[in-house]
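Below: the structure, in structure tokens.
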Amino acid sequence: MKLTHVSIAALVMLFAASICANAQDATPLPGPAATPEPANAADKRVLTPEEKAEKEARKACKIKICDIIATKAPQGDDVSCDIVKTWRQEDIVKMLGGQINWPWGNAVCQSKLEVKREPLAKAMSETAYDMSLPTQKVSCKLAQKQAGEPNVVEIAMAPKIKFKDGKAVEAALNWGTASAPLLIYTLIYAGTGLDNSANVLGPEVVRMVNEFTTKKCAEVKNELPSNANR
């Protein structure tokens, strides 16, 4: 099984994308730029029943978060969502530009996304605000390309994001403890250690957060509870 440094970065980024952006669609990963697909390519994809359920659950969670972002109201319930995201093998390969080896099949990542309401509201409303998320835990099952049980990788992170005028300007994932089969653990340990020291993925997290608070929230604007009550 050939493993490259970019493969490691891609695996680590799956964890980050599965929790930081509440990704509803595939999020670009580090690596060579992939060839853009036609604008309606996603509409033509046939989702499995599991993927449909995942998508609906992520959308419900996105609406909760986006409503806080829209109202900037600190009073109310915190966000707690069970997030599951299936990353198809072919999508991961495309996100890597089709030039980098991905040694596994599909990756199914799940997490309990926890976001405190008051800090998020302040991040959107104050001139400058440093937001610390509670420790988030992500678990991914990496399917074998041949027969065999999937590899299970679990990892914790405690993201911190610095906002200015409602826009993310700095971020760090602050990786914590991890568990995985020995070979993968060694690579995860190296990848997360590098990111903790050099913050390689920080700019990508900033991009994902800003895309979520603008473009992704705009997609559900008409479904926000605050708009329905007007």
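The values are calculated or read from the model by the stated rules, or taken from the named source; none is laboratory data. Owing to the predicted nature of the structure, the values given are computational and were not obtained by experimental measurement. Methodologically, a virtual Cβ is constructed for each residue, glycine included, from the backbone with ideal geometry; neighbour enumeration extends over all protein chains shown. Only protein heavy atoms, including side chains, enter the accessible area calculation; ligands, DNA and RNA are left aside. Shrake-Rupley method; radii C 1.70, N 1.55, O 1.52, S 1.80 Å.
Only one residue in 213, 192 is in contact (Cβ under 8 Å) with a residue 40 or more places away in the chain, of a type in the set (Val, Ile, Thr) and touching a Phe, Trp or Tyr at 6+ places or on another chain (Cβ under 6 Å), so which one is that?
Values: 213 fails: touching a Phe, Trp or Tyr at 6+ places or on another chain (Cβ under 6 Å).
Exactly one residue qualifies, and that residue is 192.
Going by the structure shown, is residue 96 touching a Pro at 6+ places or on another chain (Cβ under 9 Å), at pLDDT below 85 and either closer than 30 Å to residue 71 by Cβ or crowded, with 21+ Cβ neighbours inside 10 Å (or both)? Talk me through it step by step, then tell me what you get.
Numbers: touching a Pro at 6+ places or on another chain (Cβ under 9 Å): yes; at pLDDT below 85: yes; either closer than 30 Å to residue 71 by Cβ or crowded, with 21+ Cβ neighbours inside 10 Å (or both): yes.
Criteria met by residue 96.
Scanning for something free of Cβ contacts under 8 Å to residues at least 40 places away in the same chain, charged (D, E, K, R), closer than 26 Å to residue 166 by Cα and open to solvent by 40 Å² or more (accessible area, probe 1.4 Å), does the stretch 58-65 turn up at least one residue?
If we filter the stretch 58-65 for residues that are free of Cβ contacts under 8 Å to residues at least 40 places away in the same chain, which is where we start, we get 58, 60, 64.
Right, trim to charged (D, E, K, R) and you get 58, 64.
Next cut, closer than 26 Å to residue 166 by Cα only: 58, 64.
Still in the running and open to solvent by 40 Å² or more (accessible area, probe 1.4 Å): 64.
Yes.
With the requirement that a residue be open to solvent by less than 40 Å² (accessible area, probe 1.4 Å) and in a strand (DSSP E or B), what does the stretch 177-189 give you?
Across the stretch 177-189, the qualifying residue is only 178.
Given the structure, is residue 168 in a strand (DSSP E or B) and touching a residue at least 40 places away in the same chain (Cβ under 8 Å)? Show your work before the answer.
Numbers: in a strand (DSSP E or B): yes; touching a residue at least 40 places away in the same chain (Cβ under 8 Å): yes.
In short, yes.
So residue 213 clears everything in (1) hydroxyl-bearing (Ser, Thr, Tyr); (2) more than 25 Å from residue 153 (Cα to Cα); (3) surrounded by fewer than 13 Cβ atoms within 10 Å (Cβ to Cβ) except one condition, right? Which one?
Result: residue 213 fails condition (3) only.
Tell me the residue from 136, 110 that is open to solvent by less than 30 Å² (accessible area, probe 1.4 Å), within 14 Å of the chain's Cα centre (by Cα) and more than 18 Å from residue 217 (Cβ to Cβ), please. Please lay out each step first, then the result.
Numbers: 110 fails: open to solvent by less than 30 Å² (accessible area, probe 1.4 Å).
Exactly one residue qualifies, and that residue is 136.
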